[in-house]
Amino acid sequence: MPTAASHLFKQRVPAALADRDLKAAMDKAQDGFIGKREQAVSQYPGFEALRELGREIKDHTLAHLDFYLDRYERQVQRNGGHVHWARNSNEARTIILDLCKRANARNVTKGKSMVSEEIGLNGALEESGIAVHETDLGEYIIQLAGETPSHIIAPALHKTKAQVSDLFHAKHQRYGFHQRLTEAPALVNEARQVLRRRYLDAEVGITGANFLIAENGSNMIVTNEGNGDLTRTMAKVHIVTAGIEKLVPTLEDATVLLRLLTRSATGQEFSAYTTLSNGPRREEDPDGPDEYHVVLVDNVRTEMLGNEFRSMLRCIRCGACMNHCPVYGAVGGHVYGWVYPGPMGSVLTPLNVGLEEAGDLPNACTLNGRCQSVCPVNIPLPDLLRRLRRRQHETGLDSRYSRAALRLWTALAARPALYRRAMQWGAVAMKRLAGRRGRLRRFPLAGGWTRSRDMPAPAGSTFQTLYTLYKEGRRR
Ligand code: SF4
């Protein structure tokens, strides 16, 4: 069972909100992601149709996942590779450790893989005396800093350039780099020089998978740095870690999802590197690994396949939902306490670690619906979060206070006239409390709403009152 510290969400929020560096980094990153996605989508008139096609491909694959998994495994074997099945994180770690030990690995290079974070792979390898070298620049930065990713495609999103400059200056001295660099290209170049040696030393290279293609047994990865290609080709053994939901039937299907992924993630038409791995090196190949292994991880995925959260398995890990989420934008990814942050994480984390552990997450949402509107495979994230809240309520995991509030609301909602009057009184009372400032500094019985900012007072009339007046022609 994966562990998490998601129950600390509420406790971590105040520190995150007070962190000026985090705010600066988040504002810059979110604005960039949102603007670039908007531009890429506006330049592609068929984007909505493509979204629908992407959703259909994922739904079809999930409905026949057993067939496509079987087909994929047979194709990988035909290409000379091996598929390993892991029911949970523990099994996945054991399989990968065994493969590394068989290869006498002392050094492992790794491309970015959220599944490897999910199964806690780095810690397990290091405990066995195997050095893990992250090769994705963002992953490399947070590994140097001793942190975890705060975003699924930009793991070091929470860091400012100045922080990265300080980090490299402190940690790269031992490699003979003594100058403090401040410009991004120079920082990237220094990281490149440190990492180059590691590709040569590694006995095993571990990558993730963006798509696993059933018809030919290929694994597709997309990167902007080319680190995935060096990781997979230079070591003797290439291990792919992926969730079982990464399957797609054909290469054609993968290209549909790829067009959605790059535009939604970084606003690119195409990523800089798109690589297909099919198996170990063939005789006529100039390079490549001697062994090729794919470790397919279930964790709770087959359970989700059979319950009301199946649509979450459509996720292609683009990160658009978190880029557009006001809660994620305000607090960053670390407060979510597990591998996946933002809206998709607020669904996945409780399903993986349990609502007892992650009960705050489905409630860390304003239900504004932006996440679903930008999701390239149209996952109904707000609806899934509501379902988790309902589960929480049905299993008695919500607080006594929220149960009492719900009971009160239910009693009022069942009596429309009383409900209208109560809302009207409430709006007037809030307006009076706000006084001339027009903002509430404290909100009785719901202090969380005003802990970090003032709340604007209502206009004094409810929407329903205004609408009734409008219908009766008494207001324009
Ligand atoms: S839920 Fe949708 S928007 Fe969020 S990461 Fe997954 S595919 Fe992207």
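Values in this text are rule-based calculations from the coordinates and carry no lab data. Quantities reported herein were computed from a predicted structural model and do not represent experimental measurements. Glycine also receives a Cβ, built like all others from the backbone with ideal geometry; neighbour counts cover every protein chain displayed.
Taking region 133-213 on its own, what percent of its Cα-Cα pair distances exceed 14 Å?
Working: 2120 of 3240 pairs.
So the portion of pairs separated by more than 14 Å is 65 percent.
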> Cα gyration tensor of region 109-174, axes a ≥ b ≥ c as square roots of the eigenvalues: rounded (a/c below 1.5), prolate (a/b > b/c) or oblate?
Replying inline: oblate
>> Using all alpha carbons of region 70-130, what is the percent of pairwise distances in each 10 Å bin, ordered from the shortest bin to the longest?
In response: 20, 47, 30, 4
>> What percent of all Cα-Cα pairs in region 14-105 falls into each 10 Å bin, going from 0 up to the bin containing the maximum distance?
In response: 12, 18, 20, 29, 20, 1
> Roughly what % of Cα-Cα distances in region 44-302 sit above 27 Å, to the whole percent?
Replying inline: 38 percent
>> Working only with C-alpha atoms, what are the Rg and Dmax values of region 345-476, expressed in angstrom?
In response: 18.1, 54
>> Once the convex hull of the alpha carbons of region 147-300 is built, what does its volume come to per residue, in cubic angstrom?
In response: 148 Å³
> When N counts the residues of region 401-471, how does its alpha-carbon radius of gyration compare numerically with 2.2 N^0.38 Å, as a ratio?
Replying inline: 1.22
>> As I understand it, the value is the acute angle between the Cα axis of helix 161-171 and the longest principal axis of the Cα atoms of the chain; what does it come to in degrees, rounded to 10?
In response: 40 degrees
> So how tilted is helix 381-394 from the main axis of the chain? Cα-based, degrees 0 to 90, rounded to 10.
Replying inline: 70 degrees
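Which of 10/36; 159/246; 10/110; 112/171 have a Cα-Cα distance over 24 Å? It would help to have the intermediate numbers written out before the result.
On the way: 10/36 31 Å; 159/246 29 Å; 10/110 33 Å; 112/171 21 Å.
As for pairs spanning more than 24 Å Cα to Cα, those are 10/36; 159/246; 10/110.
Ranked from highest to lowest mean number of other Cβ atoms within 10 Å per residue, what is the order of the peptides 360-370, 175-185? Please report the intermediate quantities before stating the final value.
On the way: 360-370: 18.5, 175-185: 11.3.
Averaged packing, sorted descending, gives the order 360-370, 175-185.
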> Per the chain: cysteines with no other Cys C-beta under 4.7 angstrom?
Replying inline: 100, 315, 318, 325, 365, 375
>> If packing is taken as the average count of other Cβ atoms within 10 Å, what order do 132-140, 155-163 fall into, highest mean first?
In response: 132-140, 155-163
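Give the peptides 304-310, 223-229, 404-410 in descending order of average Cβ contacts within 10 Å, highest first. Provide the component values of the computation, followed by the final result.
On the way: 304-310: 15.1, 223-229: 20.4, 404-410: 11.1.
For the peptides 304-310, 223-229, 404-410, the packing ranking is 223-229, 304-310, 404-410.
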> What percentages, rounded to whole numbers, describe P(r) for the chain computed over all alpha carbon pairs with 10 Å bin width beginning at zero?
Replying inline: 4, 17, 27, 25, 14, 7, 4, 1, 0
> Helix 400-413: angle to the longest alpha-carbon principal axis of the chain, degrees 0 to 90, nearest 10?
Replying inline: 50 degrees
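Taking a quarter of the surface of the convex hull around the Cα atoms of region 276-362, what do you get in nm²?
Details: hull surface 32.8 nm².
That works out to 8.2 nm².
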> So what is the calculated 222 nm ellipticity per residue for the chain, using -39500 (n - 2.57) for each DSSP H run with n of 4 or more, over all residues, to the nearest 500 deg cm²/dmol?
Replying inline: -15500 deg cm²/dmol
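Determine the sum of side-chain charges near residue 389: Lys and Arg each +1, Asp and Glu each -1, restricted to other residues whose C-beta is under 14 angstrom from that of residue 389.
Details: positive: 386, 387, 390, 391, 403; negative: 308, 360, 383, 394, 398.
Summing Lys/Arg as +1 and Asp/Glu as -1 gives 0.
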